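Here's the structure, in structure tokens; my notes come after.
The values are calculated or read from the model by the stated rules, or taken from the named source; none is laboratory data. A quick note: this is a predicted structure, and the numbers were derived from the prediction, not measured. For neighbour counting, all protein chains shown are included, and Cβ atoms are generated from backbone atoms with ideal geometry for every residue, glycine included. Please note that ligands, DNA and RNA were not included when accessible areas were found on the heavy atoms of the full protein model with its side chains. Shrake-Rupley method; radii C 1.70, N 1.55, O 1.52, S 1.80 Å.
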Amino acid sequence: IVLVAMSMLGLWALTAKAERPQGSQIKAERPELLTVLESLRSRGQYKILVASLEETGLAEELEKAANFTLFAPTDEAFARVPKLAELLADTEYLRQVLNRHLTLTDQIDSTVLVSLKELQPREGKLLRIETGEWIRINDAKVVEADVKAWNGAIHGINRVLMKDNDSWLREIG
């Protein structure tokens, strides 16, 4: 009985170590894998997105999440928004727009993404997925697929995903 109990305890200890690290343990136990926010910061082309996530409180929320996909508009994508200053100044509306870029149900890599027709974002109508020369999410091209992070999947896109009724912010053409 003691031997069986010790074996079970050893097995439990092994599985406990295999669990995904949390918080400050990330760097100590898995230094090769960054969080989604660390990955975005390290790439340099997502500064506006990172600042927006921090401003809206979504950054803190995503640091705690462990299974999501983020369609990440590049700085160039944000620069295409005609009234970007107004968007960035309205924190609540910005949060709604950013939630349109998130799915909290799965880490979806590009091999799965190409097999889908639609995807439910955290907020708003279904996102339409089209494949061909490029993977498209609504009218945005995926310009950087499968950025690695331990807590989510990132796909860089060349446009900000706007709602149907926000034409005051949408670029023309």
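Quick notes on this structure:
- For region 90-140, residues that are open to solvent by 20 Å² or more (accessible area, probe 1.4 Å), outside any loop (DSSP other than H, G, I, E, B) and small (Gly, Ala, Ser) total 1.
- Residues in region 123-137 that are out of contact with any His (no Cβ under 8 Å at 6 or more places or on another chain) and under 15 Å from ASN99 (Cα atoms): GLU123, GLY124, LYS125, LEU126, LEU127.
- Against the list (1) in contact (Cβ under 8 Å) with a residue 40 or more places away in the chain; (2) touching a strand residue (DSSP E or B) at 6+ places or on another chain (Cβ under 6 Å); (3) farther than 23 Å from LEU37 by Cβ; (4) of a type outside the set (S, T, N, Q), the condition LEU116 fails is (1).
- VAL50 meets each of the listed conditions (1) under 20 Å from ASN151 (Cβ atoms); (2) of a type outside the set (Asp, Glu); (3) without any contact (Cβ under 8 Å) to a residue 24 or more places away in the chain; (4) surrounded by fewer than 17 Cβ atoms within 10 Å (Cβ to Cβ) apart from (4).
- When GLU55 is tested against the conditions (1) open to solvent by less than 80 Å² (accessible area, probe 1.4 Å); (2) modelled with pLDDT of 95 or more, the lone failure is (1).
- Region 74-89 - residue that is open to solvent by 80 Å² or more (accessible area, probe 1.4 Å) and not in a helix (DSSP H, G or I) and, of those, nearest to VAL143 (Cα to Cα): ARG80
- Residue check, LEU40 of a type in the set (A, V, I, L, M) and within 15 Å of LYS163 (Cα to Cα): no
- Boolean, VAL36 is at pLDDT below 95, closer than 22 Å to ILE108 by Cβ and open to solvent by less than 50 Å² (accessible area, probe 1.4 Å): yes
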